[in-house]
Amino acid sequence: MDTILRSLFALACALAFLGESQYADGKHDDRDFVEYRERGKVKAVNGRVVDPFGPELGILVKGDMLRIPRADVISAITVTDRLRAFLRLRNPGASAAQQWQLALDAERSGLPGIARVQAYSVLLIEPDHEGANEWLDHKRAGSRWKWKLGNKYLDRDDFDERIADFGKAFELSSEHFSVRTDAGVRRAIELLFDLEALYVRWFEEFGNELLPREVLEPHMLIIARAEKDDMEGLVGGEAKLAWYDPGALGGNRFLYNNVIHTFFESESGRASRLMELGTQQLIYTTLLGEKTKGSPSGDSNVRHCATFEIGLGHWFGAHFEGAPGYAVWKDFEPVGADVLNSLSRMRSGKLSRTRSELTNLALLAYPDFHQKSNEAPLYWSKARTFVAFLMDPSTRLKGRKGREQGTGREAVMRYMREVFGTPKASSSSALDDALFDTKVESLEGAWRTWLNSKRP
């Protein structure tokens, strides 16, 4: 199987460079290749595909956007295609030699960020590997290698000690993400490979439904602290929970926009809520995109649908399992505690104010989930299970006239496109429209029936 995958990976790389070479003019990224028909002739172009879905393919060619009718596209090989092929070749049991070969393959295929991350992976297995050390600009000092940190060269132990200070935290980038962490090199590598796997699957799962755009620059950022108490908390939030900041909640307080704030809860395992928050980051970056950049606090373009943002983030993120750095897709199963919490009726808080809890669940604000209260954990559970109920293939919506109009998944996709694609959907009527004119409170009974079928 590895031989077949490597052959396909090599073919994809070769096809991608049939046109101009990567960064052909020294400034523009030309790593994607598109072949298409125009006026009866076959043409080919290198650039970066921005809009891979929808009626037209959009490719950025030397700073100018070229739009090609979908029917005229013959083939397209993108960075994401090659990244997908690369990730399938990774194996947690691979030797240092095999890991090094992957680093070389990644570099040759036009994945320089991934190649650098992979080179660090080699050093986790074989610290004295000459090729990987030289690639990362480390210097030999006698029988040892000194690691580069800024303009300094340090022994590995001193390097690790230095980056454990967050002021000098380790920074590393892949193709779409950058991480800053005081938790060490291994954790940074694992974070980036997991998030790149999330990115690839996001486009596979939702490409034709949500029409996401590729992320070119700037990278999506993750700040991962070794200790929970050191993590920057949500503005207006009381509980110390990992969270995602699209850039609007913090106003000018934060140095970064579009950043995940998370921490490590144990010596092994992923950072807290990593895949869930990564999904939220992809929602904003690939659907809303530049509209969040520099947004002032309270901007109307963001956090219209916290319940769906959190719920879809959990539903998608919970599909991943496997060792850190080697995330693999699995079937979704709701968490037993979430099911039991969702079945319990709330006696206080915003969801207790109406007969149907769903009436106000859909209207909860993001900070509501981050309060130190008895209600907040129940908000989390109910948001997760309600979206999971809608995403279940068995969920069908009938509309006001009682005739089946579509699936719950279609409704979620319609709502996310409306909120993040327009965006204007701050009213409950927008949700009703997405639900095929079904009032959200009318789904309470079906949701609870679904919950009972999932009871642990």
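Key figures for this structure:
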{"quantity": "Residue count, segment 108-144 (criterion: within 24 Å of the chain's Cα centre (by Cα), on the phi < 0 side of the Ramachandran plot and not hydrophobic (A, V, I, L, M, F, W, C))", "calculated": "7"}
{"quantity": "Residue count for segment 395-406, restricted to those that are touching a residue at least 40 places away in the same chain (Cβ under 8 Å) and either assigned to a loop (DSSP other than H, G, I, E, B) or within 22 Å of the chain's Cα centre (by Cα) (or both)", "calculated": "2"}
{"quantity": "Residue list for segment 177-194, filter: without any contact (Cβ under 8 Å) to a residue 60 or more places away in the chain, farther than 20 Å from His138 by Cβ and not basic (Lys, Arg)", "calculated": "Phe177, Ser178, Asp182"}
{"quantity": "Filtered residue count, segment 331-380, keeping only those that are under 24 Å from Pro393 (Cα atoms) and either of a type in the set (Val, Ile, Thr) or part of a helix (DSSP H, G or I) (or both)", "calculated": "15"}
{"quantity": "Single residue of segment 279-316 satisfying the filter (part of a helix (DSSP H, G or I) and touching a Gly at 6+ places or on another chain (Cβ under 7 Å)) that is modelled with the highest pLDDT", "calculated": "Thr279"}
{"quantity": "Elements of type strands (runs of 3 or more DSSP E) contained in segment 29-86, each with 3 or more residues being without any contact (Cβ under 8 Å) to a residue 40 or more places away in the chain", "calculated": "32-38, 41-51, 56-61, 64-69"}
{"quantity": "Inter-residue pairs, beta-carbon under 6 Å, first under 11 Å from Trp100 (Cα atoms) and in segment 123-140, second crowded, with 16+ Cβ neighbours inside 10 Å and of a type in the set (Val, Ile, Thr), 6+ apart", "calculated": "His129/Val122; Ala132/Val122"}
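Per-residue answers, yes or no, for (1) among the hydrophobic types (A, V, I, L, M, F, W, C); (2) on the phi < 0 side of the Ramachandran plot; (3) within 23 Å of the chain's Cα centre (by Cα):
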{"residue": "Arg39", "(1), (2), (3)": "no, no, no"}
{"residue": "Val50", "(1), (2), (3)": "yes, yes, yes"}
{"residue": "Gly54", "(1), (2), (3)": "no, no, yes"}
{"residue": "Met65", "(1), (2), (3)": "yes, yes, no"}
{"residue": "Ala71", "(1), (2), (3)": "yes, yes, no"}
{"residue": "Ile77", "(1), (2), (3)": "yes, yes, yes"}
{"residue": "Arg82", "(1), (2), (3)": "no, yes, yes"}
{"residue": "Phe86", "(1), (2), (3)": "yes, yes, yes"}
{"residue": "Ala106", "(1), (2), (3)": "yes, yes, yes"}
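The values are calculated or read from the model by the stated rules, or taken from the named source; none is laboratory data. Since we're looking at a predicted model, the values are computed, not measured. Note that each Cβ is placed from the backbone with ideal geometry, even for glycine, and that neighbours are counted across all protein chains shown.
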